[in-house]
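J.: Sending over a structure as structure tokens; questions will come in a sec.
Computed from the coordinates by the stated procedures, all read-outs in this text should not be read as laboratory data. Here the structure is a predicted model, which means the values were calculated and not measured. Note that each Cβ is placed from the backbone with ideal geometry, even for glycine, and that neighbours are counted across all protein chains shown.
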Amino acid sequence: MVPTAFESMMSETTLPALDHLELDRGIVLIGLMGAGKSSVGRRLAKRLDLPFSDADQEIEKAADCTIEEIFARHGEAAFRAGERRVIGRLWMARHKCWRQAAAPSWTGRPGPP
């Protein structure tokens, strides 16, 4: 499998620059489906010794069904509303590193949507 551009940037040879990084805020990865957000997020969180949350996984856990099932049963508007609630909960829980599902639902506002 060919690594994405983000995965290439996160290789062990480029990560030494992160050795002395101190964060006073969270990291949010936003991008289209399949862009590599989960892969990069897990590596970044591990490298920085931070917790990692995947918004898609959290949405599925909260809804007790898959994202595909949410879309099929309730439509995109209901999915986006639930996505905003879950992302707000993740943000308020002060996770330092997590992956957002995709850009369309991001409001650009800090804190819960």
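J.: Using the eigenvalues of the Cα gyration tensor, what equivalent ellipsoid semi-axes result for the range 26-105 when each is taken as the square root of five times the eigenvalue, whole Å, largest first?
T.: For the range 26-105, the ellipsoid semi-axes come out as 22, 13, 10 Å.
J.: Still on this model: Report the extension gain between Ala62 and Ser39 in nm, rounded to one decimal, defined as 0.36 nm multiplied by the number of residues separating them, less their alpha carbon distance.
T.: 6.1 nm
J.: Give me the distance in nm between label points sitting 7 Å out from Cα along the Cα-to-Cβ direction at Arg84 and Phe71, one decimal.
T.: 2.0
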